[in-house]
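Here, each number is a calculation from the coordinates, and none is a lab measurement. Just so it is clear, the model here is predicted, and its values are computed rather than measured. Don't worry about glycine lacking a Cβ; one is built from the backbone with ideal geometry, like all the others, and counts go over all protein chains shown.
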Amino acid sequence: MLTRIQLPVLTLCLSWCIYQTLPSIAVKEREEKLEEKLDVHIVSFHHVPELESKLAQFNTVFWDARDSESLRKLIGDGKIASGLSVLEIGTGTGIISLCCLRHGAARVVATDINPRAVANAKYNAERLGLDAHLDVRRVAAGRPGAYSVIGDGEKFDLIISNPPWEDAVPRKVSEFAFYDTEFQLLDSILCELDRHLTGEGRALLVYGCVTAIDQLVERAGKYELKVTQLDDRDLTVLPELFLPGMLLEVRR
């Protein structure tokens with residue numbers, strides 16, 4: 001039986017636990033309501049040679065398959081994801097994650113800040129029968145870091161991304177696909193890369209912008225990371241913006 005002193009203490013503890021839980025419950029409820037109210041529709045279907053079925057593109061979700069041609073070729077022909085755990089940062093329609101799964105990846109975690117992109121990637125995964133090994137996570141707009149929805153202990157053999165390339169401020173969620181304010185997302189990818197890679201793991205980034213690649217090389221050096229250009233083109237003679245995007249490997 002509780003004493004007259006223990007009862008108020010227990011009540012206070014229970015109240016504190018409930019208080020601490022309320023914010024997470026409220027966030028979850030807001031996210032569920034957002035998903036329920038989300039106006040999504042298919043604007044187009046696209047085909048890429050690495051997948052047997054066309055991919056749907058939802059409204060506000062970025063699409064330009066030329067950006068990731070070299071990466072997809074490496075995934076398809078080189079089997080670089082076979083048997084590996086993969087994290088894709090900024091999945092969009094899910095094109096790269098689904099290529100990884102189709103060509104042997106053991107599991108893939110894909111993230112995006114655009115809720116329509118999250119819905120889009122899930123939809124395409126189900127259509128292609130690849131949803132069993134794909135975990136799509138939505139990044140909150142208030143916490144747009146590269147690993148904000150990745151657990152402290154989560155590690156991957158391969159981290160891939162076709163990041164936004166322009167230094168500008170996104171005014172709406174769809175613009176996060178193009179704009180990376182002061183290259184903060186790039187910096188967040190690099191600064192915690194070692195923490196989320198397995199021992200022999202590596203990152204593969206695709207950029208079609210000279211300034212963004214210069215930023216990658218400069219910031220990688222700050223974190224004692226090595227950048228290798230997996231592309232025969234001479235960056236010094238390319239225009240500021242170019243396609244297909246250039247594939248770059250980042251390692252410890």
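Observations on the structure shown:
- Considering only alpha-carbon pairs that sit under 8 angstrom and 6 or more positions apart, the relative contact order computed for the chain is 16 percent.
- Spin-label pair Asp39/Ser82, simplified geometry with 7 Å Cα→Cβ offset, distance in nm: 4.6
- Nitroxide proxy distance, nm - points 7 Å out along Cα→Cβ at Lys73 and Glu224: 3.5
- Ordered by the number of other Cβ atoms lying within 10 Å of each residue's own Cβ, fewest first, Cys100, Cys191, Cys209 fall into the sequence Cys191, Cys209, Cys100.
- 5 angstrom amide H check on Glu88, placed H, neighbours 5+ away: Val109, Ala110, Thr111, Ile160
- Within segment 119-252, percent of DSSP bridges classed antiparallel, to nearest 5: 60
- Relative to the longest principal axis of the Cα atoms of the chain, helix 6-37 runs at roughly 40 degrees.
- When shorter helices are ignored and each DSSP H run of at least 4 residues is given -39500 (n - 2.57), the per-residue value for the chain at 222 nm works out to -10500 deg cm²/dmol.
- Each residue of segment 118-134 is assigned a 3J(HN,Hα), and the resulting list reads 4, 5, 5, 5, 5, 4, 5, 4, 5, 4, 8, x, 10, 6, 5, 10, 10 Hz, derived from the Karplus form 6.51 cos²θ - 1.76 cosθ + 1.60 (θ = phi - 60°), x at Gly and Pro.
- Calculated Rg and Dmax of the Cα atoms in Å (choose from (i) 19.6, 63; (ii) 22.1, 74; (iii) 20.6, 81), label: (iii)
- Rg followed by Dmax, in Å, when segment 65-181 is reduced to its Cα trace: 13.6, 39
- Relative to the longest principal axis of the Cα atoms of the chain, the long axis of helix 210-222 lies at roughly 60 degrees.
- Residues in segment 235-252 carry Karplus couplings, in order, of 4, 6, 10, 7, x, 3, 10, 8, 9, x, x, 8, 8, 10, 9, 10, 9, 4 Hz; the curve used is 6.51 cos²θ - 1.76 cosθ + 1.60 with θ = phi - 60°, and Gly or Pro positions show x.
- Computed FRET value (nearest 0.05) for Arg127 with Leu241, which takes r as the C-beta separation and R₀ as 35 Å: 0.65
- Packing-based ranking, highest mean first, of 148-155, 64-71, 181-188 given that Cβ atoms within 10 Å are counted: 64-71, 181-188, 148-155
- Point-to-point label distance, Arg252-Lys172, nm (Cα→Cβ direction, 7 Å offset): 4.4
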